[in-house]
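A.B. asks: Following this message is one structure expressed as structure tokens.
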Amino acid sequence: MSALAPAGRASAATVGLRVFMAVVSTLFFLFSIAFLMRMAVDDWRALPRVPWQLWLSSALLAGAGIAWSAAARAATQAALLRGWAAGCGLSLLFLAAQLWAWQAMLALNLRVDGNPANSFFYLITGLHGVHVVGGLAAAGVLGLRLLRGAPLARLRDTAALCAHYWHFLLVLWLAMFALLFLVTPDFIQLCSNLLR
Amino acid sequence: MAYATDHLHEPQSWWTKYVWSQDHKVIAVQYTITAIVVGLLGMVLSDLMRLQLGFPGRFAFIDPARYYQFITMHGMIMVIYLLTALFLGGFGNYLIPLMLGARDMVFPYMNMLSYWTYLLAVLILLASFFVPGGPTGAGWTLYPPQAILPGTPGVEWGIVVMLVSLVVFIVATTMGGLNYVTTVLQARAQGMTLMRMPLSVWGIFVATILALLAFPALFVSGVMMLFDKALGTSFFMPAVVSMGQHLGHKGGSPLLFQHLFWFFGHPEVYIVALPAFGIISDLVSVHARKCIFGYRMMVWAIVIIGGLSFVVWAHHMYVSGMHPLFGFFFATTTLIIAVPTALKVYNWTLTLWRGDIHLTVPMLFAIGFISTFVIGGLTGLFLGNVSVDIPLSNTYFVVAHFHMVMGVSPVLAVFGGLYHWYPKVSGRLYNDTLGRLHFWITFVGTYLIFFPMHYLGILGMPRRYYAYENYAFIPQSAQTLNAFITVMALIVGVAQLLFIYNLAWSTFKGPRAGPNPWRAASLEWYTPDTPPKHGNWGPALPVVFRGPYDYGHQEGASDFIAQNIGPEQQEEAPAVPAAIPVPRGEPT
């Protein structure tokens, strides 16, 4: 990125990231609305059970967020490099665990072209994964700066942005996880009974 | 704000200066030229449609499938790839940093990526003309189930290519939009408070926020339809027997698509309209030599219109059927939007009132915009009412309405804006006579095209039909009117070459414009170089002391105070040099 931007550049990057997270939140909010509206049709069959791999992937994504936070507070470049490697590695493992969960779903014959609940599972987990990949691309830029020996303060700023984004990815994933497996026609019925 | 001059990233070669450029001005020109080229294609497609409607059956190559493909591509190109890209990518890129006193967008590299991603989206879209079966003919709304069912033109590849192109376009718009919003929030010059920003920037800023929040709905509907088409899911596709065969889909909701599409589609109207409102405000103020009437009201009207645009989407779906209370709600919110919109029209009119009006080419287009926008807005009041909309829906009355309000009006604003800022972009003056000729043919011509369509709609002439034989309720005179409209559409189409020729020729041969040919007060006219160089402002950034519309202060030869003139400088010397170059043909 060019340093044509003002001296308060870190601030601009933070604002830019927040705007981006608002856009991504809108995207997944709209998917959630579509999920709820499609659920109202009679053919909906809720997903039968949570593949255990998803609990593992949730823990991995939480671990990646912690690693990024550690990188953002690193006192030395070596510590920052360790945080960076842990953040990237755990994120890659998260993606692998998500693919493993896909495999488990397919083994149960819950295919993408089956019930719409299945279709949403693959669609939403896939798009969330794409956003993790996007984060890894940004983390790759940080890795290049590390290799080039950029000043520690600048590296920490970028790592802080990564931490910010990974925490967001975790919250987003947990919300989608709950949507996919907790929000079922029975759950909606229960809520409406409680509200009566 | 201080800038590290050693990091200015001055482009070193022709390629990095004009092709892989990270300079917002070059990117703005790239966006503008690409959008105009693709817009010309959209216009040619509309002329081809008109040939069929005006002279049915005379042109054998326009068969029903091609006719629907022309309709679809025309609509999509004009709304998305021309107007959205030109207002946000073209005007947004050029004006935001210059009007706010910034050196560039805050993320120049991402800005460059935004343009190249947009170009990729355009190329993918154009590729659909060359895939088996041609582009989709589903109509620009791409309603399922028909959009992906056999029998619709382009169902083999065209619809897939269109959806992929839209997804890529949304990625480009998001990258650009992040830049515009962050630049407005973070990179304003010292003294440039939000309430000192020109209304063009306000319009683009709020429109960008709308785009960032509305385009995800198009993304969601596009991706889900791609899944239905390519992977056999049933998000939108109900159980269908197509050509005697049961398809694999079941239970999908076409209505869900309509909700998602119009949750994007209606804000899209304002994504196009708000920048136009802002540009027109600037043009009216500068060329009437008067402070814009009710600046704060104008800002709040933009913000309120932007907010309301998210709660009116279902007025596009009255004929799809809905609970009467929903119809009442959406009719009410739709009509409420007329209040801030009318306020803007009143304020433009009151700015013109007793102004020192210079009927320059940009001013002609600005006044033309107000006229066409009022006509289109008034028919919007008709269609906002459920009971009036239902008989008129799917007739040419709707075609006339939306072409006046979001076709002709924004295009007039685009022309006005391009003529207004062209001297700053190129450093040259265009041929005034050609500009005026372009205005009058376009303005009168578009009225003659679209005004009669209201009448055709009230006659009951349905839209989207390929041919109108054997409809007893449509009189023969309607065909005569259709032939007339077609001739006018062809004339207006050809007249656009005047605009292209004028700007292209003047870029190389036009007389030098000087830094501020319109004697404007806003910041973009006070760059040390014209056209502005990389970094815009030389060694020192400007400091802002006032709003952008300080006109009507006669002080020697000057009747305005520039935004960057402080109280001390104001006392010492006139705000501008006494001798100001005036564009040829301007009334004095």
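Here, each number is a calculation from the coordinates, and none is a lab measurement. Bear in mind the structure is a predicted one, so any value in this text is a computation, not a measurement. Don't worry about glycine lacking a Cβ; one is built from the backbone with ideal geometry, like all the others, and counts go over all protein chains shown.
A.B. asks: Using a 10 Å cut-off on Cβ to Cβ distances, tally the other chain neighbours for every residue of A:20-27 and report the average as a whole number.
C.D. replies: Per-residue shielding by partner chains comes out at 6.
A.B. asks: Right, another one. Rank by packing, highest mean first: peptides B:269-279, B:136-146, with packing defined as the count of other Cβ atoms within 10 Å averaged across residues.
C.D. replies: B:269-279, B:136-146
A.B. asks: While we're on this one: Order of B:Asp389, A:Asp157, B:Asp228 from fewest to most other C-beta atoms within 10 Å?
C.D. replies: By the 10 Å Cβ count, ascending, the order reads A:Asp157, B:Asp389, B:Asp228.
A.B. asks: Along Cα→Cβ, 7 Å out, is where each label goes; now give me the distance between the ones at A:Leu174 and B:Tyr465 in nm to one decimal.
C.D. replies: 6.0 nm
A.B. asks: While we're here: Which ordering of B:Lys25, B:Lys533, B:Lys424 is given by a fewest-first count of other beta-carbon atoms within 10 Å?
C.D. replies: Ranked by crowding around the Cβ, least crowded first: B:Lys533, B:Lys25, B:Lys424.
A.B. asks: So which aspartates and glutamates can B:Lys250 reach, going by Cα to Cα under 17 Å and dropping same-chain residues fewer than 8 places off?
C.D. replies: Output for B:Lys250: A:Asp42, A:Asp43, A:Asp113, B:Asp228.
A.B. asks: Return the lysines within reach of B:Lys424: Cα separation strictly under 28 angstrom, same-chain partners fewer than 8 residues apart disregarded; answer none if there are no such residues.
C.D. replies: Cross-link targets: B:Lys17, B:Lys25, B:Lys290, B:Lys344, B:Lys509, B:Lys533.
A.B. asks: Hey, got the average number of other protein chain Cβ atoms within 10 angstrom for residues in B:233-243?
C.D. replies: 3
A.B. asks: Among B:Ser558, B:Pro275, B:Met112, which residue has its Cα positioned farthest towards the positive end of the charge dipole of the protein assembly as shown, with +1 placed on the Cβ of Lys and Arg, -1 on the Cβ of Asp and Glu, and the dipole taken about the Cα centre?
C.D. replies: B:Met112
A.B. asks: On to the next question. Treat the count of other C-beta atoms within 10 Å as a stand-in for reagent exposure and order B:Ile159, B:Ile304 from fewest to most.
C.D. replies: Least to most surrounded, the residues fall as B:Ile304, B:Ile159.
A.B. asks: Other chains near B:176-186: what is the mean number of their Cβ atoms within 10 Å of each residue's Cβ?
C.D. replies: Mean shielding count: 5.
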